[in-house]
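Scroll down for the structure; my scribbles are underneath it.
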Amino acid sequence: MHRFQSKSTILRFRLTALLLVVKWALVPLVVGLLIYSLIANDRDLAIGALGLGFVTLLMGILQWVLASRTRCPLCMTPVLASKGCSKHRHARRFLGSFRLRVALAVLFRGSFLCPYCHEKSAMLVRTRHPNSGTRQY
């Protein structure tokens with residue numbers, strides 16, 4: 001199981017995963033609220049739904065920016081960004097998305113399977129040994 005170099009990388013993974021999951025939850029909610037406000041002819045609800053849609057758009061942009069720096073520690077491919085690269089033949093989807101599966105695994109399991117190299121990575125920092133690179137005579 002592979003590990004990451006720093007706590008900031010793990011924090012970036014968790015924040016990006018959270019933003020991706022919240023975005024996936026908010027999009028259907030915003031669409032549903034907009035449709036309901038149009039049917040019920042409720043202007044205040046429509047304005048609230050449009051505001052929530054704007055917040056969702058901003059979260060999507062922030063997630064997109066952060067996702068480019070969420071790289072698998074082995075293959076160095078951004079696992080939470082949409083790159084269009086070939087996936088591993090055993091990579092699986094959740095609700096049609098490879099990224100959503102990785103995001104949910106990061107948040108709830110503390111590890112994920114990279115959809116590109118299919119190697120497991122733990123949300124832990126590598127341990128560094130102080131004398132690992134020095135010779136003792």
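See the values below:
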item	result
Candidate lysines - alpha carbon under 22 Å from Lys83, same-chain residues fewer than 8 apart omitted	Lys23, Lys120
Given charges at Cβ of Lys, Arg, Asp, Glu: the stretch 2-125 dipole, positive-most of Ala17, Cys72, Leu50	Cys72
Of Pro28, Pro73, Pro115, the one that fluctuates the most in a GNM where the chain has Cα springs shorter than 10 Å	Pro28
Helix runs (DSSP H) in the chain reaching 27 Å along axis by Cα, Kyte-Doolittle at least -0.5	7-40, 43-67
Cβ-isolated cysteines (cut-off 4.7 Å), the chain	Cys85
At R0 = 22 Å, FRET efficiency that the Cβ-Cβ distance of Met1 and Ser86 yields, to 0.05	0.40
Alpha carbon convex hull of the stretch 1-76, volume per residue in cubic angstrom	83
Diffusion coefficient, µm² s⁻¹, Stokes-Einstein with Kirkwood Rh over alpha-carbon pairs of the chain at 10 °C and 1.306 mPa s	94
Cα-centre dipole for the stretch 51-123 with unit charges at Cβ (Lys and Arg positive, Asp and Glu negative), debye to 20	240
Fewest-first sequence of Phe112, Phe4 by Cβ atoms within 10 Å of each Cβ	Phe4, Phe112
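Laboratory data are not the source of any read-out in this text; all were calculated from the coordinates shown. It should be emphasised that the depicted structure is a prediction, and the values quoted were computed from it without experimental measurement. So basically every Cβ, Gly included, is an ideal-geometry build from the backbone, and we count neighbours across all protein chains shown.
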